[in-house]
Structure formats: structure tokens, C-alpha cells
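A short write-up of the structure that comes next.
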Amino acid sequence: MTSNLDQQKTPQEAVAATLKRLEGAFALAIVFAGRHDLMVGARRGSPLAVGYGEGEMYLGSDAIALAPLTSRICYLEEGDWVELTGEGAVVHDTADTVVQREVRQTAHSGALIGKGQYRHFMQKEIFEQPAVIGDTLHAHIHPALWTVELPDLPFDLAALPRITISACGTAYYAGMVAKYWFEQIARQPVELDIASEFRYREAPLPEGGIGLFISQSGETADTLAALRYAKAQGQKVLSVVNVPESTIARESDAVLRTLAGPEIGVASTKAFTTQLTVLACLAIAAARARGAIDHDREAELSAALVEVPARAAEVLNHDEAIEAISHELAEARDVLYLGRGSTYPLALEGALKLKEISYIHAEGYAAGEMKHGPIALIDEMVPVIVCAPSGPLFDKTASNVQEVIARGGRVIFISDKRGIARLGEQAAYTIEIPEVDPFVAPLLYAIPVQLLAYHTAVIKGTDVDQPRNLAKAVTVE
Ligand code: G6P
């Protein structure tokens, strides 16, 4: 802090006065020369948490950052500042009034946050998916009745004129899959937008509608701003978050939790598939409430979901084969991903994963859109990764794949036994996924695209868990 603080009475008063002159978003930890017993924290726009230790106190961005040190956490509210000494914390609000903020016991422990037997957090998190999808299902599906059970929601799922979904990055692609599900299964109108666009679009939102916000961290600045916009427009706010103490969770009318556990790798993996799990349950609940499915169909869809952890474990068994394919990807300058229907967002997510961690240019496209542009890129130097579960849309995608092959494209074909029997011989490589109800296919097709990106990045020698220029939680615009 600058010397003009010295003119103030105490360091705390000096900080309080200085904070009032600051603009923009910040989370600060301030130490004072000669005062080893004092630290002051302050937040506005960015998250900041106080950790309670034995005779010592900590500041950190969230429970995960503090997990190796303590599990007793207090989240500061917007505009708060806090004085920390060895004895404890005194929190002040924006008006400098002393306030009480709840101190919670978090579930995160330092041990949980290690890499275990894995080389990278991302690899560990990919392999945790059968377990965390199972945990998330367990919280939302009745094991004997095959019905979806959600916490009480402060709105009627049967009577929503529209659901407006908004999120960023991988969470946005989870929202895109959900849009297919809500529309197809529940006949529920949905609008979807990237949070950084939605917040400035000034979209009119219908009376009685809800905003649905998806975020692993619950702190993404654009998603939070989109949430506040929806609230100001009279929407009830539902969020799907992985961090229950986060700002997005706290500002929502209702929260559905993903039980992914701490996700450390910057590139999101298990948060994505657990977001899909929760959203699939929500889509089933909406379908039931709107009378779009009967009890038998609900049981069928729930059973398909309950099967996912076991099928996901089977997909993970292809790890070595996927690693072998990744050597070819690591040589590529550009990679194309294609999908159709609810696996189209998987093509986008696959391309995002590859870009994020291997720094190879990749694009995801709706398979049917290929002839409107990207087909011009196809030659033997551009690998084309196709997600094509057998089902009603398979034939359409198959003809797109044949167009690629006819132009010399090298196809990495991700499909099930039936799909591979139809087209596998013409592909350069195949990855076989268990045949499942098309409803749950996005959950399984997420895994091979994650593994392809992971192994390609490892082969290229990039910093897999902390790729350049990227952050785990983007708390600025
Ligand atoms: C960053 C992360 C991504 C994540 C996105 C949204 O870009 O690197 O992995 O998908 O933010 O984060 P959220 O915490 O809102 O899901």
C-alpha cells in the first residue's frame, strides 16, 4: 500500500478508505511492513475466502485453494473486507460495519486433491468419471422406483414458457446438450446463449420463465452477470454448480449440485459429464411434469442413465488404443470434429479440449453444415473426428463421413458396434463405444474426445493441467 495510507489512523482504517477509491473487480490480500500479526483481505467482483486454522488464519480464492491448510472456510460477500490476526477474523461490509459471515466446514480435504497414481490431474479426473457420475445419479434418481427426484424447486416445471440457458466454455456445451434434451424429451422451449453475449443482448425474457446457469466454479464473471440480468428481468434462477458455496449458487433461487468433487485441471472433464448427468435428470423431471413422457418411458430413461457409470468404465478401457491414435493427431495442424443432434455439442467440446491443452487448431461442426464450408479444408493432412452413435441420425452423419473419405480425409470414427460395422472399414481409426439409448450417448462420447485431447497434449509435451493463457475460473470479463 502507498505511503498516503500512513496518514490514516490505523492500517485497517487506511485500507477501508482506500477501498472506497478503487474501481473494477479485485480480490486483495494486504500485508503491512512491521505488522506480522495483521493481514487484511478485500473483495469486489472476484471471490475471496477466509480459512480458519489453529492459531493462524488464511486467505484464498476458494475452498480448494485452502484445502491443504484447513477445511473451515468463510466466504466473503461482495464488497466485504476482513481483518485477520492469529486469533481470528473480523469481517466488515461495504459500509465498514462489522458483520457475521457463516463459517462452514467444507468437504474438500488436501488428500482428495492429490494426483494419486495419475500423471496429471486431468487424467485422474477423466478416470474418476464413472464414480462421480454415479454419485450424481445417486443423488437424483430413486434406485428402486427408477424415477427422478429433485429437491423442491421454487417454480412449476409444468408451466415454464421458456428456459433460458446461459454459461461459458465447457459448461455452455453442457447447456447445448440440455437444449436438445429439453426440446426432444420434455417438449420444453429453450433459449441458449454464451453468457458473455447474453448479458449484453438485452433479450426480453418471458413472464414466468426461468434462467438456468451452469458453472463448475460458480464464479465465472460473465455467467454471474447473465444470472443477475435474468433476475432483474423477473426470472427465477436455477443453477447447476459444482461449488455449493460459490457466488452463483448463493445468488440462485435453487441449486442443483454436480457431485464431481474438486476439479483441478483447467480443462473441464468430470464437471462436464456430471453437469450432463444433472441436466439429463432435470430434462426427465420436466418431461414428466409436462406430461411429455409416461412412467414407463421415465423408467427407461432413468435406467439408461443408471447404466452410464458402468458403460463409461468400458470406454475408459480404450485408453491405450486412444493414446496410439493421438500420435497422428499430435502431428496435425488442424483437426475437424463432426457431430449431429445431441452429439454436435460433443464435436464442439472435443475441439475445445484439443485447442485448450494441445494448442492445435481444431473446429467442431454440425456434420450437416460441413458442405457449407469446412469440406473445402479436407485433405489427408486434416484428421476428422466423427462422433456418430447409431440411432435415428446415423445415416445422415454416415453420408457426411463418406463425403470426407471421398476427398481423402482421414477419419477417426467414434461409434458403437452397429455403426462401426456399417462404416468402420473406411475409417483410418475406430473407437468403439457401448451401444446405449441415444439419450445418454453424449455422456459416453465425451470420454474419447477428452482422452484424445489429453494424450495428444502429453505427446506434445504441453502443460496439461495449466495450459498457457487459461484460468480455471475466469472471474473477470
Ligand atoms: C474457463 C475454464 C473452462 C470452463 C469455463 C467456464 O474457461 O478454463 O474449463 O469451462 O471457464 O467455467 P465454469 O466454472 O463457469 O464452469
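For the chain, what is the convex hull (Cα atoms) projected area averaged across all directions, in square nanometres? Intermediate results must be reported in sequence, preceding the final value.
Details: hull surface 97.2 nm².
Projected area, direction-averaged: 24.3 nm².
Defining a contact as two alpha carbons under 8 Å apart and six or more residues distant in sequence, what relative contact order in percent does the chain show? All intermediate terms of the calculation are to be shown ahead of the outcome.
Numbers: 991 pairs, mean separation 64.4, N = 477.
The normalised contact order for the chain reaches 14 percent.
Measure out, as a whole number of angstrom, how far apart the alpha-carbon centroids of the stretch 33-68 and the stretch 310-385 sit.
Answer, in whole Å: 42.
What ³J(HN,Hα) values, in whole Hz, does the Karplus curve 6.51 cos²θ - 1.76 cosθ + 1.60 give for the stretch 246-254 when θ = phi - 60°, with x put for Gly and Pro?
Computed from phi, the couplings for the stretch 246-254 are 5, 4, 4, 4, 5, 8, 8, 6, 8 Hz.
Expressed as an acute angle from 0 to 90° and rounded to the nearest 10, what is the orientation of the C-alpha long axis of helix 169-186 relative to the principal long axis of the chain?
Between helix and principal axis, roughly 60 degrees.
State, to one decimal in nm, how far the label point of A144 lies from the label point of H36, with both points 7 Å from Cα in the Cβ direction.
A separation of 6.2 nm, rounded to one decimal place.
Within a 10 angstrom radius of the beta carbon, how do K236, K9, K115 rank from fewest other beta carbons to most? Intermediate results must be reported in sequence, preceding the final value.
Values: K236 18, K9 8, K115 15.
The most exposed by this proxy come first: K9, K115, K236.
Per 0.36 nm of contour for each residue apart, how much would the distance between M381 and S399 grow if the chain were fully extended, relative to their Cα-Cα spacing?
On the way: separation 18, 0.36 × 18 = 6.48 nm, distance 2.08 nm.
Here the segment from M381 to S399 would lengthen by 4.4 nm.
Which listed residue (H138, L157, G114) has the Cα farthest towards the positive end of the charge dipole for the stretch 93-185, taking +1 on Lys and Arg C-beta and -1 on Asp and Glu C-beta about the Cα centre?
G114
Once both labels are modelled 7 Å past Cα along the beta-carbon direction, what's the A158-R297 spacing in nm?
1.7
Taking the Cα centre of the stretch 346-477 as origin and charging only Cβ (+1 Lys, Arg; -1 Asp, Glu), how large is the dipole, in debye to the nearest 20?
With Lys and Arg at +1 and Asp and Glu at -1, about 140 debye.
When a footprinting reagent is the concern and you count Cβ atoms within 10 Å, what order do L145, L227 take, fewest first?
L145, L227
Given H placed 1.01 Å from N in the peptide plane, which residues other than close sequence neighbours of L192 have an amide H under 5 Å from its amide H?
I165
I need the phi-derived Karplus couplings for the stretch 276-285: 6.51 cos²θ - 1.76 cosθ + 1.60, θ = phi - 60°, integer Hz, Gly and Pro marked x.
In residue order, the calculated couplings are 4, 4, 5, 5, 4, 5, 5, 5, 5, 4 Hz.
Could you list which residues have their amide H under 5 Å from that of G364, counting only those 5 or more apart in sequence or on another chain, with H placed in the peptide plane?
Close amide H contacts, sequence-distant or interchain: Y337.
Treat every Asp and Glu Cβ in the stretch 36-134 as -1 and every Lys and Arg Cβ as +1, leave all other atoms uncharged, and give the resulting dipole magnitude about the Cα centre to the nearest 20 debye.
600
Assigning unit charges at the beta carbon (Lys, Arg +1; Asp, Glu -1) and nothing else, what dipole magnitude in debye, to the nearest 20, does the chain show about its Cα centre?
Roughly 480 debye, rounded to the nearest 20.
Averaging sequence separations of C-alpha pairs under 8 Å and six or more residues apart, then dividing by the length of the stretch 14-59, give the relative contact order as a whole percent.
30
Just for the chain, what percent of DSSP beta bridges are antiparallel, to the closest 5?
Around 45 percent of the beta bridges assigned by DSSP in the chain are antiparallel ones.
So, R0 is 45 Å and r is the distance between the beta-carbons of R333 and A310; what FRET efficiency does that work out to, to 0.05?
Taking R0 as 45 Å, the efficiency between R333 and A310 is 0.75.
Pop out the ³J(HN,Hα) list for the stretch 257-267 in order, Karplus 6.51 cos²θ - 1.76 cosθ + 1.60 with θ = phi - 60°, rounded to Hz; leave Gly and Pro as x.
For the stretch 257-267, the Karplus curve yields 9, 8, 9, 7, x, x, 10, 9, x, 4, 6 Hz.
Per DSSP helix of 4 or more residues, -39500 (n - 2.57); summed, then divided by the residues of the chain. What does that give at 222 nm, rounded to the nearest 500?
One gets -11500 deg cm²/dmol as the mean residue ellipticity at 222 nm.
Measure nothing but the geometry: give the 0 to 90° angle between the long axis through the Cα atoms of 319-331 and the longest principal axis through the Cα atoms of the chain, rounded to 10°.
The helix 319-331 is inclined about 90 degrees to the chain.
Would you mind counting up the charge near Q105? Only other residues with Cβ under 14 Å from its Cβ, with Lys and Arg at +1 and Asp and Glu at -1.
Residues near Q105 contribute 0 overall.
For the chain, find the longest principal axis of its Cα atoms and tell me its angle to the long axis of helix 394-406, 0 to 90°, nearest 10.
80
Where a number appears in this text, it was derived from the coordinates with a stated rule and is not lab data. Note that the structure is a prediction, hence the values are computed from the model and not measured. Using ideal geometry, Cβ is built from the backbone for each residue, glycine included, and neighbour counts are taken over all protein chains shown.
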